[in-house]
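Step one of this worksheet: look at the structure below.
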Amino acid sequence: MQNEKKYFQNVADLLNSASLQNLKILNMNLIGEALKCEDLQNLGQALRNCSNLSTLNLNFLWCRIDDDKLPILGAAIANCNNISTLVLEMGQCSIGEEGISCLFSALSQIKNVTDLKLSFYQNIIGPHGFQDLDSLRDLTKISTLFLNFGGNLIHDEGVTGLVSYFDRFTNLQKMTLQLGKNNIQSNGVSSLGVGLSKISKLQNLDLQLCLNEIKDEDLLAISSALSHCVTLSALVLDFSWNKIGGKEESLLSQLNFTRFSNLTLNLSESKIGPQGILGLSTGLTSCVNIQNLQLILVRNNLGNEGALILGNSIGLCKNLQTLTLQLDDNNILDDGIKSLVNGLAICEKLSGLSLYANLNDITPQIQSKSTSKISKIKSLVNKNIFF
């Protein structure tokens, strides 16, 4: 009987397995292990015997793997040149720029991969570690790509190196790019927008840029660049904990989301007030195709005026089917939540609603009345309301 899928907790068990040639899906969980060069060499030897392998999932989270060991790991993975799916989890492994360069050079050998997930968050890669990432440009069959380089201080220079090969991904349809906590500023955002706009078949994008140095005009630049992605219909943007709002928040009126049917926008921990919401709402009302919307605006300063504006704009989204609003800690009072709910009540196609309005000053009586009014939306099937 063919053994199609198996889990291993250490390299020795994998090496001693009698059924490697029958494996199609291999999962290795080595979290926190102190791996030696010999372990990685044995891993390579075992993987050479996995002749029918299609999916490889390696979890090295919290393993201390010095840069001089990464060429060995890369050579091990390169033995699996017929796999279609590779998941490589190497968060918090003390990887530097030299090691990541060697590893990516080896990964360029797996030319049949279509689904690739690489997670290297909180290492010490730095901006120069991304200069050799063009070795991935030959992986042209990729349709789904997940890259997590959060917490590596790659700066603008690193972003430029990272996106330089994006135009080669001619079959890429779904992409997740996590670059939080990297001291990225305007030049990096500009480079990122240019790179993403060159992915010709991109349909679904999840872009995580929290905890950087991004301003209103940078968010606008990303929005403008993505408007050129003619196949893009689903977008997640996380710009929380940046420098959005304040003096330049009127620029939010120029955001272009008209192409999207699914949109998630996280601008939590910003300085967005009523004028910023007015600008953001201008963009939302132009989203004639929007069906699924998530707005995460925790800890801003919407107030009653902002809640009124937001409610009115959402009420104009005639095709909206599911909505999530996270408005916790926004100085919203009774009149504000009543205005917001009045707008929600006219969404004729709304079937799912999640409303989070904790840490505002809304009286129990208005909370009850608001919940009751929402419950009367005829099309509503699922609701979650938190005051």
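Since every read-out is calculated from the coordinates, none of them should be taken as a lab result. On a predicted model such as this, the values are computed, not experimentally measured, just so you know. Virtual Cβ from ideal backbone geometry, glycine too; neighbours counted across all protein chains shown.
A few points about this structure:
- Normalised by the number of residues in the chain, the mean separation of alpha-carbon contacts (under 8 Å, six or more apart) gives a relative contact order of 8 percent.
- In this entry, the chain is assigned a mean projected area of 19.7 nm², taken as a quarter of its C-alpha convex hull surface.
- Surface/4 estimate of mean projected area, convex hull on alpha-carbon atoms of the range 1-143, nm²: 7.6 nm²
- Remark on Gly180: its backbone amide H falls under 5 Å from those of Gly150, Gly151, Cys210, a criterion applied only to residues 5 or more positions apart or on other chains, H modelled at 1.01 Å from N.
- The lysines within cross-link reach of Lys117, meaning a Cα-to-Cα straight distance under 25 Å and a gap of 8 or more places when in the same chain, are Lys5, Lys6, Lys24, Lys36, Lys69, Lys141, Lys174, Lys181, Lys198, Lys201.
- Put simply, the amide H of Gly245, placed in the peptide plane, has neighbours under 5 Å in Asp216, Lys271, leaving out anything fewer than 5 places away on its chain.
- Pairs of Cα atoms in the range 311-387 fall into 5 Å distance bins, from 0 up to the last occupied one, in shares of 3, 16, 31, 28, 15, 6, 0 percent.
- Each other residue within a Cβ distance under 10 Å of Asn360 adds +1 if Lys or Arg and -1 if Asp or Glu, for a net charge of -4.
- Under 18 Å from the Ser261 label point (7 Å along Cα→beta-carbon), backbone N, the range 344-365: 349-352
- Sites Tyr7 and His228, calculated FRET efficiency, Cβ-Cβ separation with R0 45 Å, nearest 0.05: 0.55
- Equivalent ellipsoid, the range 244-387 (semi-axes from 5 times Cα gyration tensor eigenvalues, Å): 21, 19, 11
- Phe120 sits among other residues whose Cβ lies under 12 Å from its own Cβ, and their net charge, with Lys and Arg +1 and Asp and Glu -1, is -1.
- Projected label points at Leu153 and Trp62, each 7 Å from Cα along the beta carbon direction, are separated by 2.4 nanometres.
- Overall Cα dimensions of the range 221-325 - principal axes, largest extent first, Å: 34, 27, 19
- Relative contact order, whole percent, for the range 244-387 stands at 20, derived from Cα pairs under 8 Å and 6 or more residues apart.
- Between Asp167 and Ala34, the contour length at 0.36 nm per residue exceeds the alpha carbon distance by 44.1 nm.
- For the range 174-255, the alpha-carbon coordinates run over 36, 26, 20 Å along the three principal axes, in decreasing order.
- Modelled label reach - Asn112, point 7 Å along Cα→Cβ, the range 70-89 residues with backbone N closer than 14 Å: 78-86
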